1. List every residue pair whose Cβ atoms lie under 7 Å apart, where the two residues are 6 or more positions apart in sequence or sit on different chains, the first residue falls within segment 154-169 and is touching a residue at least 40 places away in the same chain (Cβ under 8 Å), and the second residue, located anywhere, is surrounded by 10 or more Cβ atoms within 10 Å (Cβ to Cβ) and in a loop (DSSP other than H, G, I, E, B).
2. Does segment 133-171 hold any residues that are in a loop (DSSP other than H, G, I, E, B) and of a type in the set (Lys, Arg), and which are they?
3. If I filter segment 109-121 for residues that are in contact with a strand residue (DSSP E or B) (Cβ under 9 Å, 6 or more places away or on another chain) and in contact (Cβ under 8 Å) with a residue 60 or more places away in the chain, do I get at least one hit?
4. Right, Tyr144: in the same structural domain as Ile88 (by TED's automatic domain parsing) and either closer than 23 Å to Ser52 by Cβ or among the basic types (Lys, Arg) (or both) or not?
5. As an exercise: evaluate Thr127 against (1) part of a helix (DSSP H, G or I); (2) modelled with pLDDT of 95 or more and give the number of the one condition it does not meet.
6. Which numbered condition in (1) modelled with pLDDT under 95; (2) of a type outside the set (D, E, K, R); (3) at positive phi is the only one that Ala154 fails?
Amino acid sequence: MKRYVSAFAVASLALMFTACAQQKKTTGGTTKTTKATKTIAGVSYISMERTSCFGRCPSYQVEIFRNGIVRYTGRQFTEYTGVYEREIEPKDAQKLMKEFTNYRVDTCKDVYENMIADIPGIIYGFTIDGKEKKIHNAHFGPKYLQMMANKIDAVAKPGIGWKKVGDLPKQ
């Protein structure tokens with residue numbers, strides 16, 4: 001019996017190490033070239049939306065593009081209402097995208113169960129390897145999704161250096 005258990009343990013460890021080695025090869029954020037198109041591996045676009053609550057919680061959306069454009073759309077209970085843009089260093093935008101790629105957001109659930117009715121939500125949208133992915137109720141998902149939301153908020157607070165590029169669409 002001990003032989004079977006130790007053989008199983010060795011096989012499990014070997015499988016774990018090869019799976020990790022394969023994972024590192026695919027999450028690098030490098031450029032893949034195919035015959036038809038050139039696509040960027042990993043996350044190449046981030047959208048984060050904070051939804052309103054039953055009270056006066058700020059409602060806004062932040063979009064970060066690979067080229068360094070950051071777009072803030074303030075909807076409700078925010079100091080800045082409307083659409084604002086600014087540029088950050090492309091390498092800083094790509095660094096955020098690489099963090100999401102390294103956290104493997106492509107493996108997150110599409111929806112996490114909402115445990116509290118009146119909490120403002122976090123909804124992420126990504127372009128990963130050329131495909132769209134959304135994560136609803138991200139604040140109930142893995143802790144890194146909340147941590148990354150705070151990092152995005154730090155980059156996306158309008159003020160000096162932001163340009164108003166539009167008003168909210170009429171509903």
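The values are calculated or read from the model by the stated rules, or taken from the named source; none is laboratory data. From a predicted model like this one, the values you see are computed outputs, not experimental measurements. Note that each Cβ is placed from the backbone with ideal geometry, even for glycine, and that neighbours are counted across all protein chains shown.
1. Note: pairs meeting the criteria are Val155/Ile88; Pro158/Tyr80; Leu168/Thr81.
2. Within segment 133-171, Lys157, Lys170 qualify.
3. At the first step, the residues of segment 109-121 found to be in contact with a strand residue (DSSP E or B) (Cβ under 9 Å, 6 or more places away or on another chain) are 109-112, 114, 120-121.
Narrowing further to those that are in contact (Cβ under 8 Å) with a residue 60 or more places away in the chain: 120-121.
Checked against the condition, which is being in contact with a strand residue (DSSP E or B) (Cβ under 9 Å, 6 or more places away or on another chain) and in contact (Cβ under 8 Å) with a residue 60 or more places away in the chain, segment 109-121 yields at least one hit.
4. Values: in the same structural domain as Ile88 (by TED's automatic domain parsing): yes; either closer than 23 Å to Ser52 by Cβ or among the basic types (Lys, Arg) (or both): no.
Against the criterion (in the same structural domain as Ile88 (by TED's automatic domain parsing) and either closer than 23 Å to Ser52 by Cβ or among the basic types (Lys, Arg) (or both)), Tyr144 does not qualify.
5. (1) is the only condition that Thr127 fails.
6. (3)
So that you can scan it fast, the table gives a plain yes or no per residue for (1) touching a Lys or Arg at 6+ places or on another chain (Cβ under 7 Å); (2) surrounded by 12 or more Cβ atoms within 10 Å (Cβ to Cβ); (3) of a type in the set (Val, Ile, Thr):
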{"site": "Thr78", "(1), (2), (3)": "no, yes, yes"}
{"site": "Gly125", "(1), (2), (3)": "yes, yes, no"}
{"site": "Ile128", "(1), (2), (3)": "no, yes, yes"}
{"site": "Asn137", "(1), (2), (3)": "no, yes, no"}
{"site": "Ala149", "(1), (2), (3)": "no, yes, no"}
